[in-house]
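Read the structure below first, then the notes.
The values are calculated or read from the model by the stated rules, or taken from the named source; none is laboratory data. What you see is a predicted model, and the numbers here were worked out from it, not measured in a lab. Positions of Cβ are generated from backbone atoms using ideal geometry, with glycine treated the same way; all protein chains shown enter the neighbour counts. Heavy atoms of the whole protein, side chains included, go into the accessibility calculation; ligands, DNA and RNA do not. Shrake-Rupley method; radii C 1.70, N 1.55, O 1.52, S 1.80 Å.
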Amino acid sequence: MTRLLAALLGRLPIGWLQLTHNRGRMIAALAGVAFANVLVLVQLGILGALNGTVAIAYAPFEADIFISSSDANTLTDGSPLSRRVLFRALSDPQVEAAAPLYLANVDWTRHDGSIATMIVYGLPVEAQAFAGSFIREALPSLAMPDTALIDRGTRAADSEALSRVSPEAPLQFEVNGRTITATGNFDLGGSFSADGSLAVSDQTFLRLFPSRISGTPSHILVDVSDGAESTAVVARLAERLSPEPVKVRTLETAKADDLTYQLTQRPTGVIFGFSVAMAVVIGLVIVYQVLSTDVADHLSEYATFKAMGYPHRFFLGIVLEESVVLGLIGFLPGLIVAVGLYQFVAGLTGLPIEMTIARATSVFSGTILACAASGTFAARRLRAADPAELF
Amino acid sequence: MSPIVVECLNHWFGAGEVRKQAIYDVSLEVDRGSLTILMGPSGSGKTTLLTLMGCLREVQDGSVRLFGAELKGAGIQTLEAMRRRLGFIFQAHNLHESLTARQNVLAGLQVHGRGDPARHNVAVEHMLRLVGLGDRIDYLPGNLSGGQKQRVAIARALVSNPEVVFADEPTAALDHDSGMAVVRMLKTLGQERGTTTVMVTHDNRILDLADRIMTLEDGRIVGDQRKTP
Ligand SMILES: Nc1ncnc2c1ncn2[C@@H]1O[C@H](COP(=O)(O)OP(=O)(O)OP(=O)(O)O)[C@@H](O)[C@H]1O
Ligand SMILES: [Mg+2]
């Protein structure tokens, strides 16, 4: 290792030799770096889960354009729309198709008697084009009144049993005072606001929620015709529908707005963002502490080198060398612990907490950058002082 | 031409109320290839003068010329280039604890650039053998005695054939015998290589070896004896 580094650097790998000379101190430094990594990765993971649950909530349907009530911030918090909006949207020449999307929460009693909050997605059975891939095939079968597809990822549910639900082995249960028969299943999982999902036809939805019987959709899904520009159609629809209390956005924009709203306006999101900021600050403090202690410990040795005529960039090279070594070796245990904690929290909450390559690499390069910056900052004392002052 | 010329050098420590002068109007020239010994009571300014001449401390007032170049007001690059032409042996050995004897000495060569590793290695081993550490080449400083460490420091200072060597009480940490051995070694190596050596010492027994003995008191030169060969 020393030989390799010496060949690579064209000089003695003093950073490496220094670190490995004192094993105890190196392990402490590595533990500090690893801990900083775990802290930041876990907080980012929880924040990422919020991102993931938003993506999940939008997964059961597909569309180019999404029309919502003007007071809607998330999927479930807006007022119902008038069906008139649907017909008006359809009259646009570049609108290929449109369908109502019905959404509401319902309580479902799990196998163990506990209550789960389920989001019910209601779609017309003929609107297969608007259904997410995992319910598209089964959607026509939901034409049978009071049938549903159930989310086998529902938090704390018996997912084994739910995954066996099929037309041949249906599952009957009661919600909102009606008996519903599940004839299939899909895998979505819970979010911060619900434990799982149900997919039903629009007719079944309206029977489950009599207050919506007048046929007021939660949102309207619109597909534009081939070759039409979604954003242009959005602008035109917004104008066409202007007297109605609606907002017209592409589905992508709606999803992004929803996430932004959850991150900035909802307590959970704000707290998660704050925790990430705290974790980054604490991580930086730890890394700075590690590197500045290291520089201070070797100050008189560096002063000797300075007296011998080594330039300042030589010391920056040593600090950088140590940063890369600590960042590299400290990252791996940090990553392993973080992934373990992800699995633990995911198992506990059913939230989609997963390590992404982008997150791992950015935390990794952030660590090395923070190490290098801290070391450079700690070495500034060395730059200013006469060697004779440092012995 | 004298490698070291000092003219009207004054130096102060501290600022404001606690400002205290440590060097008063010192002028001297050192002959090439000579061994000059600086003596004087503790606190008389020997280390201060040595570090001023050795580019380790900024010159405040007066003039220090090393190899003809003025140090007062010199830029960091000039100072670094000058430092590379010197060998400095400190009172404490100041070896790098994580580097072996070989690596410590090698650091004295690598300061001049990459160079050929094989040639470096030969030079390092030769130097360590010269100071009598041929059998301790790959020892860490922690496993060497005080005298051995000081000899590694000497090897490090001399390995790149510096034109001038400054030594600040190189024998202070050593017992009498190894102290004498270290000084004799410096003297012979200096003679062989034509090195100019300036050494601070309290040890009277070393004086016989000197070409010139200067005495410092309260920051002033109060004695200057040359030995006529
Ligand atoms: N870094 C410093 N800051 C303030 N005063 C200093 C500093 N270094 C030395 N001095 C003062 O300058 C004077 C000369 O010190 P110097 O170290 O040069 O003496 P010295 O002759 O080397 O002594 P010794 O034989 O004890 O090593 C002393 O009075 C000392 O207190
Ligand atoms: Mg002294």
I'd like the full set of residues that are away from ligand 2 (no atom under 16 Å from the Cβ) and assigned to a strand (DSSP E or B), limited to the stretch B:185-214.
B:Thr196, B:Thr197, B:Arg212, B:Ile213
Output yes when any residue across the stretch A:77-91 is modelled with pLDDT under 95 and under 24 Å from the mean Cα position of the chain (by Cα), and no when none is.
yes
Of the criteria (1) more than 9 Å from ligand 1 (Cβ to nearest atom); (2) touching a Leu at 6+ places or on another chain (Cβ under 8 Å); (3) in a strand (DSSP E or B); (4) closer than 27 Å to B:Arg205 by Cα, which one B:Asp25 fails:
(4)
Among the listed residues A:Ser292, A:Ser300, identify the single one that is among the polar types (S, T, N, Q), assigned to a helix (DSSP H, G or I) and more than 25 Å from B:Arg84 (Cα to Cα).
A:Ser292
For A:Thr53, indicate whether it is in contact with a helix residue (DSSP H, G or I) (Cβ under 6 Å, 6 or more places away or on another chain) and either under 21 Å from A:His219 (Cα atoms) or not in a helix (DSSP H, G or I) (or both).
no
Given the criteria farther than 21 Å from A:Leu39 by Cα, in contact with a Phe, Trp or Tyr (Cβ under 6 Å, 6 or more places away or on another chain) and of a type outside the set (Phe, Trp, Tyr), does A:Ser374 qualify?
no
Answer from A:Thr109, A:Thr53 - the residue that is surrounded by fewer than 18 Cβ atoms within 10 Å (Cβ to Cβ) and in contact (Cβ under 8 Å) with a residue 60 or more places away in the chain:
A:Thr109
For B:Asp138, all conditions in the list (1) open to solvent by less than 20 Å² (accessible area, probe 1.4 Å); (2) within 14 Å of chain A (Cβ to nearest Cβ) hold save one; what is the number of the exception?
(1)
Could you tell me how many of the residues in the stretch A:338-391 are open to solvent by 70 Å² or more (accessible area, probe 1.4 Å), under 30 Å from B:Lys72 (Cα atoms) and not in a helix (DSSP H, G or I)?
1
Which residue pairs have Cβ atoms under 7 Å apart, sit 6 or more places apart or on different chains, and have a first residue in the stretch B:63-76 that is surrounded by fewer than 13 Cβ atoms within 10 Å (Cβ to Cβ) and a second that is of a type outside the set (Gly, Ala, Ser)?
B:Gly68/B:Met1
Which one of the conditions (1) within 14 Å of chain A (Cβ to nearest Cβ); (2) on the phi < 0 side of the Ramachandran plot; (3) more than 15 Å from ligand 1 (Cβ to nearest atom) does B:Phe13 fail to meet, given that it meets all the rest?
(3)
Can you work out which of the residues in the stretch A:220-272 that are in contact with a helix residue (DSSP H, G or I) (Cβ under 8 Å, 6 or more places away or on another chain) and part of a loop (DSSP other than H, G, I, E, B) is least open to solvent (accessible area, probe 1.4 Å)?
A:Leu241
Can you tell me which residue within the stretch A:6-28, out of those that are modelled with pLDDT under 85 and surrounded by 14 or more Cβ atoms within 10 Å (Cβ to Cβ), is nearest to the other protein chains (Cβ to nearest Cβ)?
A:Ala6
Being away from chain B (no Cβ under 14 Å) and in a helix (DSSP H, G or I) narrows A:Ala59, A:Ala31 down to just A:Ala31
If only one of A:Phe364, A:Phe314, A:Phe272 is within 14 Å of chain B (Cβ to nearest Cβ) and among the aromatic types (Phe, Trp, Tyr), which one is it?
A:Phe314
Test result for B:Thr188, under 26 Å from A:Ala388 (Cα atoms), out of contact with any Ser or Thr (no Cβ under 8 Å at 6 or more places or on another chain) and either within 16 Å of ligand 1 (Cβ to nearest atom) or open to solvent by 30 Å² or more (accessible area, probe 1.4 Å) (or both):
no
